[in-house]
């Protein structure tokens, strides 16, 4: 089965949108921690994780279709979507570490958190 262009475009746009949301939330988490707003930082980090999960669902749809033998056209938008997701995951992981640094600078004990 070949996907109609509209269906494929919708899945790719979800990947781009959720990946972008995840990266933005992670950056907002860093800014909140920078200003000592650690509860807000943790909330924004959770928002980032939620958006990454949504992006992964879109990615999984695409991978499942291709694995089942459906033709998935590789496009610049598809590459852009994958890039957004990969970047978002990296920024979210780094944001968690940066938040810990700000917490440590604030005198908080992060030893139990860093084992995750």
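No lab work stands behind these numbers, since they all come straight from the coordinates. Treat the numbers as computed from the prediction; the structure is a model and nothing was measured. When we count neighbours, we look across all protein chains shown, and the Cβ atoms used for this are built from the backbone with ideal geometry, even at glycine.
Taking Cα atoms only, the orientation of helix 76-105 departs from the longest principal axis of the chain by about 10 degrees. Taking Cα atoms only, the orientation of helix 38-67 departs from the longest principal axis of the chain by about 20 degrees. The structure-derived value of Rg/Rh (Cα atoms, Kirkwood Rh) appears in the list (i) 0.96; (ii) 1.05; (iii) 1.13 under the label (iii). Centre-to-centre, using Cα atoms only, the stretch 47-78 and the stretch 84-111 are separated by 26 Å. The order of the peptides 71-79, 46-54 by mean Cβ neighbours within 10 Å, most packed first, is 46-54, 71-79. Rounded to the nearest 10 degrees, the inclination of helix 5-34 to the longest alpha-carbon principal axis of the chain is 10 degrees. When the chain is treated as a Gaussian network with alpha carbon springs shorter than 10 Å, the biggest mean-square fluctuation among 57, 34, 104 belongs to 104.
Most mobile of 93, 21, 106 per a Gaussian network model of the chain (Cα springs, under 10 Å)? Among 93, 21, 106, the largest GNM mean-square fluctuation belongs to 106.
Between 80, 35, 18, the residue with the greatest mean-square fluctuation in the GNM of the chain (Cα pairs under 10 Å linked by springs) is 35. Does the stretch 44-88 come out rounded, prolate or oblate, given a ≥ b ≥ c as the square roots of the eigenvalues of its C-alpha gyration tensor, rounded meaning a/c under 1.5 and, failing that, prolate meaning a/b above b/c? Cα axes put the stretch 44-88 in the oblate bin.
Taking 0.36 nm per residue of separation and subtracting the current Cα-Cα distance, fully stretching the chain between residue 67 and residue 80 would add 2.6 nm.
Among rounded, prolate and oblate, which fits the stretch 14-62 when a ≥ b ≥ c are the square roots of the eigenvalues of its C-alpha gyration tensor, a/c under 1.5 means rounded, and a/b larger than b/c means prolate? Prolate.
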